[in-house]
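Only the coordinates and a few stated rules stand behind these numbers; no lab work does. This one's a predicted model, so the numbers in the text were calculated from it and none came from an experiment. Note that each Cβ is placed from the backbone with ideal geometry, even for glycine, and that neighbours are counted across all protein chains shown.
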Amino acid sequence: MNRLTETLEGLGSAVILAVRAFASLPKAPRILKRTAEHGYYGGYTTLPIVAILSFFIGSVLALQAGITMKHFGAKQLIGILVGASMARELGPVMVAILLAGRVGSAVTAELASMKVYQEIDALVTMNIPPERLLVLPRLLAVLLLMPVLTIIANLIGWFGGAIVCAHVDFIGVDPTAYFQSIQRYLAVQDILDGLIKAEVFGFVVMLIACTTGLRTRGGPREIGFAVTKSVVVSLISILVLDYFITKALA
């Protein structure tokens with residue numbers, strides 16, 4: 001019962017935090033610099049790991065598909081399999097998981113530290129809403145960077161699959177045929193569905209990170225617990241939301 005109550009309190013706090021943050025949206029021009037800084041940190045610095053993982057995920061997808069499809073004479077369809085898998089599912093989910101582990105954890109640690117050491121209370125005393133100064137720029141930044149990271153992840157994943165198809169002997173699919181398969185069978189709606197997922201995942205991950213950080217109580221020891229909780233809740237939320245969004249978009 002206590003765990004259910006805590007979960008409901010956390011959900012309510014997240015909703016209230018989001019409402020208060022976006023209520024400050026008319027004053028957003030004042031925080032453009034902070035939004036750009038968070039976008040740089042969350043996007044540009046996350047790009048290398050996104051590129052590496054996307055390349056090898058696309059490569060493994062193509063390799064596994066080649067192993068299976070060589071028995072059915074359908075190797076020409078590897079391109080669309082890799083393309084659709086990356087665009088609709090693996091691209092947005094992978095980027096969201098990296099965001100939770102790399103950016104969400106750092107945001108939680110920063111806000112939890114500010115809360116524990118009473119810096120948040122100091123902002124409130126100076127009549128500076130933490131929602132406007134600390135939360136809104138991060139939410140806006142993640143809404144801007146997630147589609148970009150997801151598109152880059154998709155492209156690099158497709159490229160990795162093309163390299164495997166061209167250079168693995170038992171597959172032997174020409175890159176031209178590989179990309180023609182993607183172009184012919186992959187619909188624009190498939191890509192848009194993936195971008196919708198990415199936006200929702202990114203927003204939820206950042207909201208969880210901010211809420212968990214600002215709700216931290218106690219001493220410095222609680223900062224580590226808050227970071228762990230933020231990442232775990234974010235990962236579970238990504239997977240649960242992935243199911244329901246996929247069902248809604250089907």
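How large is ³J(HN,Hα), in whole Hz, for each residue of the range 190-206 in order, when computed from phi with the Karplus curve 6.51 cos²θ - 1.76 cosθ + 1.60 and θ = phi - 60°, using x for Gly and Pro?
Values per residue, Gly and Pro as x: 4, 5, 5, 4, x, 5, 4, 4, 4, 4, 5, 4, x, 4, 5, 4, 5 Hz.
Among 60, 216, 93, whose Cα lies farthest out toward the positive end of the dipole of the chain, if unit charges sit on the beta carbon of Lys, Arg (+1) and Asp, Glu (-1)?
With unit charges placed on the Cβ atoms, the residue in question is 216.
For the range 66-116, what is one quarter of the convex hull surface built on the Cα atoms, given in nm²?
Mean shadow area of the hull around the Cα atoms is 4.5 nm².
What FRET efficiency comes out for the pair residue 177/residue 102, r = Cβ-Cβ distance, R0 = 30 Å, nearest 0.05?
Here the calculated transfer efficiency is 0.25.
How much length is gained on full extension from residue 169 to residue 133, taking 0.36 nm per residue of separation minus their Cα-Cα distance?
On the way: separation 36, 0.36 × 36 = 12.96 nm, distance 5.57 nm.
Additional length available on full extension: 7.4 nm.
Extending each Cα 7 Å along its Cβ direction at residue 44 and residue 64, get the distance between those two points in nm, one decimal.
Once both label points are built, they end up 3.5 nm from each other.
Counting each DSSP H run of 4 or more residues in the chain as -39500 (n - 2.57), what helix-only mean residue ellipticity at 222 nm follows after dividing by all residues, to the nearest 500 deg cm²/dmol?
Helices in the chain give a 222 nm mean residue ellipticity of -25000 deg cm²/dmol.
Among the lysines, which fall within straight-line cross-link reach of residue 247, defined as a Cα-Cα distance under 30 Å, with same-chain neighbours fewer than 8 residues apart omitted?
Here the lysines satisfying the reach criterion relative to residue 247 are 75, 197, 229.
By how many degrees, between 0 and 90 and to the nearest 10, does the Cα long axis of helix 136-167 differ from the longest principal axis of the chain?
The helix 136-167 is inclined about 20 degrees to the chain.
When only DSSP loop residues count, what chymotrypsin sites (Phe, Trp or Tyr not before Pro) in the range 141-250 have their Cβ near at most 10 other Cβ atoms within 10 Å?
Passing both the DSSP loop test and the Cβ count: 170.
Chymotrypsin sites (Phe, Trp or Tyr not before Pro), restricted to the range 20-118: which are DSSP loop and have at most 10 other Cβ atoms within 10 Å?
When the chymotrypsin sites (Phe, Trp or Tyr not before Pro) of the range 20-118 are filtered for loop state and at most 10 Cβ neighbours within 10 Å, 72 remain.
If you average 1/r over every pair of different alpha-carbon atoms in the chain and take one over that average, what Kirkwood value in Å do you get?
After inverting the mean inverse Cα-Cα distance, the result is 19.5 Å.
Read phi for every residue in the range 237-250 and hand back ³J(HN,Hα) as whole Hz from Karplus 6.51 cos²θ - 1.76 cosθ + 1.60, θ = phi - 60°, with x for Gly and Pro.
5, 4, 5, 5, 5, 4, 4, 6, 5, 4, 5, 5, 8, 5
Taking the Cα centre as origin and putting +1 on Lys and Arg beta-carbons and -1 on Asp and Glu beta-carbons, what dipole magnitude results for the range 29-249, to the nearest 20 debye?
Dipole size: approximately 300 debye.
Between residue 221 and residue 196, take the C-beta separation as r, use R0 = 22 Å, and let me know the FRET efficiency to the nearest 0.05. Could the numbers behind the result be given before it?
Working: r = 39 Å, r/R0 = 1.77.
Efficiency computed from Cβ-Cβ geometry: 0.05.
Got a sec to turn the phi values of the range 31-45 into Karplus ³J(HN,Hα) couplings, 6.51 cos²θ - 1.76 cosθ + 1.60 with θ = phi - 60°, whole Hz, x for Gly and Pro?
Each residue's phi maps through the Karplus curve to give 10, 4, 4, 5, 4, 5, 5, 5, x, 5, 5, x, x, 5, 6 Hz.
Rank 249, 36, 172 by how far each Cα sits towards the positive end of the charge dipole of the range 29-249 (+1 on Lys, Arg Cβ; -1 on Asp, Glu Cβ) and give me just the farthest.
36
In Å and on Cα atoms, what radius of gyration and Dmax does the range 117-250 show?
Rg and Dmax of the range 117-250, Cα atoms, are 20.9, 68 Å.
Length gain on complete extension for the stretch residue 8 to residue 143, per 0.36 nm per residue less the alpha carbon to alpha carbon distance?
Values: separation 135, 0.36 × 135 = 48.60 nm, distance 2.51 nm.
Answer, rounded to one decimal: 46.1 nm.
Provide the gained length on full extension for the span residue 32 to residue 124, in nm with one decimal, where the gain is 0.36 nm per separating residue minus the Cα-Cα distance.
Details: separation 92, 0.36 × 92 = 33.12 nm, distance 2.11 nm.
So the extension gain works out to 31.0 nm.
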